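First the structure, in the form of C-alpha cells, and then the observations on it.
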Amino acid sequence: MASTTTTTTLPPDLFDQTTLISLAATVVILLAAFGLSRAALDGKTTSPSLRFLFIWHAFDALIHFFLEGSFLYHCFFSSAPVQDALDAAARGFFPDPHNYLGSTGLVHGAQAGGENPFAQLWMVYARADRRWAGVDLGVVSLELLTVFVVGPMACWVCYDIAKKNPRANITMIILATAELYGGFMTFCPEWLTGSINLDTSNFMYMWVYLVFFNTLWVWIPIYAIYKSAADIFDAFSVRSAVLGSKKAN
C-alpha cells in the first residue's frame with residue numbers, strides 16, 4: 001500500500017476528540033451487536049461459531065446502515081459551492097467527478113457536511129483515505145450496493161441463525177463473496193494508481209484505519225465461507241450415507 005506522504009511527524013489531530021468519539025462509535029455498534037445476540041440466540045443450543053457469526057453479521061448490518069448509510073447521505077445531500085476544480089483543490093476539497101448528479105460548481109460528501117457528527121466521523125477516516133471526504137464514483141457505487149443490498153442480507157443471516165434455518169449458510173457465502181469483491185474493488189484502483197489518495201505516514205492511518213478496519217471484511221468473510229461450506233459438505237455427506245444405506249438394504 002504505497003503512499004505519496006513521506007512526513008514522519010505525527011499530526012496533531014491524531015487522537016483528538018472527534019477521533020476518539022468516532023472509534024468509540026464502532027465499539028458501541030459492536031456492543032449493540034453482542035446485545036442482539038444475547039437477546040436472539042439460545043445460549044444452550046447455539047454453538048460459539050454461530051454466535052460469533054451472528055454477532056459479526058449484526059455488526060456488519062449496523063455499520064452498513066448507520067455509518068456507510070451516512071456516507072451516502074452526505075454524498076447525495078451535502079454540498080458546498082466552488083468555482084472550479086482548481087478552487088476546490090486549493091480549499092482542500094476532494095473535487096466532484098464531472099457532471100456528478102448533473103451539477104457543476106459544487107462539491108459533495110462529508111467535506112460539505114459541516115458540524116454533522118457523521119460527517120465529522122468520515123472526515124476522520126478521510127485523513128487516511130481522502131476519497132471518503134468527497135465523491136469517488138467507484139466508492140459510491142459500491143456503497144449503494146453495500147447499504148441497500150448487503151446490509152439487508154446481513155440481517156437475513158441473523159434471522160436465519162436465530163431461527164436455526166440452514167439457509168443461512170447459502171446467504172453467508174453469497175454475502176461474504178460480495179464483501180471480498182467490494183473490498184478488492186475499493187482498493188485495487190488505488191493500488192493501480194500508486195495509492196495517491198492514501199496516507200500511510202503513521203501507525204494510526206496505516207494499521208488501524210486502512211489495514212485493521214478494512215481487513216476485518218476480508219478475514220471474517222473468509223471464515224464465514226469456510227464454516228458455511230463445511231456445514232453444506234456435512235449435509236451432503238449425511239445424504240450420501242442415507243442413500244448408501246438404502247441401496248444396501
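The values are calculated or read from the model by the stated rules, or taken from the named source; none is laboratory data. Model, not experiment: these values are computed from the prediction. Every residue, glycine as well, gets a Cβ built from its backbone with ideal geometry; the counts of neighbours run over all protein chains shown.
Enumerate the pairs (first residue in segment 63-74 and within 14 Å of Ser22 (Cβ to Cβ); second residue anywhere and polar (S, T, N, Q)) with beta-carbon separation below 7 Å, excluding pairs fewer than 6 apart on the same chain, so at least 6 apart or on different chains.
Listed pairs, sorted by first residue: Glu68/Thr146.
With respect to Tyr125, is the statement that it is surrounded by 19 or more Cβ atoms within 10 Å (Cβ to Cβ), in contact (Cβ under 8 Å) with a residue 12 or more places away in the chain and hydroxyl-bearing (Ser, Thr, Tyr) true?
So Tyr125 fits the description; yes.
For segment 30-62, enumerate the residues that are in contact (Cβ under 8 Å) with a residue 40 or more places away in the chain, over 23 Å from Leu145 (Cβ atoms) and not in a loop (DSSP other than H, G, I, E, B).
Scanning segment 30-62 gives Leu36, Ala40, Ser49, Leu50.
Being surrounded by 18 or more Cβ atoms within 10 Å (Cβ to Cβ), out of contact with any helix residue (DSSP H, G or I) (no Cβ under 6 Å at 6 or more places or on another chain) and in a helix (DSSP H, G or I) is the requirement here; does Leu210 meet it?
For Leu210, the condition - surrounded by 18 or more Cβ atoms within 10 Å (Cβ to Cβ), out of contact with any helix residue (DSSP H, G or I) (no Cβ under 6 Å at 6 or more places or on another chain) and in a helix (DSSP H, G or I) - is met.
For Ala224, are the conditions met, namely being among the hydrophobic types (A, V, I, L, M, F, W, C), in a helix (DSSP H, G or I) and without any contact (Cβ under 8 Å) to a residue 60 or more places away in the chain?
Spelling it out, it is not the case that Ala224 is among the hydrophobic types (A, V, I, L, M, F, W, C), in a helix (DSSP H, G or I) and without any contact (Cβ under 8 Å) to a residue 60 or more places away in the chain.
Tell me, please, whether a residue that is assigned to a helix (DSSP H, G or I) and under 27 Å from Ala39 (Cβ atoms) can be found in segment 123-144.
No - not one qualifying residue is present in segment 123-144.
Per-residue answers, yes or no, for (1) touching a Phe, Trp or Tyr at 6+ places or on another chain (Cβ under 8 Å); (2) within 30 Å of Leu10 (Cα to Cα); (3) of a type in the set (D, E, K, R); (4) touching a residue at least 24 places away in the same chain (Cβ under 8 Å):
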{"residue": "Glu143", "(1), (2), (3), (4)": "yes, no, yes, yes"}
{"residue": "Val149", "(1), (2), (3), (4)": "no, no, no, yes"}
{"residue": "Ala154", "(1), (2), (3), (4)": "no, no, no, yes"}
{"residue": "Arg167", "(1), (2), (3), (4)": "no, no, yes, no"}
{"residue": "Asp199", "(1), (2), (3), (4)": "yes, yes, yes, yes"}
{"residue": "Met206", "(1), (2), (3), (4)": "no, yes, no, yes"}
{"residue": "Ala235", "(1), (2), (3), (4)": "no, no, no, yes"}
{"residue": "Val238", "(1), (2), (3), (4)": "no, no, no, no"}
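Among the numbered conditions (1) assigned to a helix (DSSP H, G or I); (2) at negative phi; (3) without any contact (Cβ under 8 Å) to a residue 40 or more places away in the chain; (4) of a type in the set (A, V, I, L, M), tell me where Leu101 comes up short.
With respect to (1) assigned to a helix (DSSP H, G or I); (2) at negative phi; (3) without any contact (Cβ under 8 Å) to a residue 40 or more places away in the chain; (4) of a type in the set (A, V, I, L, M), Leu101 is out only on (2).
Would you be able to say whether some residue in segment 63-73 is hydroxyl-bearing (Ser, Thr, Tyr) and modelled with pLDDT of 95 or more?
The answer is yes, given that some residue of segment 63-73 is hydroxyl-bearing (Ser, Thr, Tyr) and modelled with pLDDT of 95 or more.
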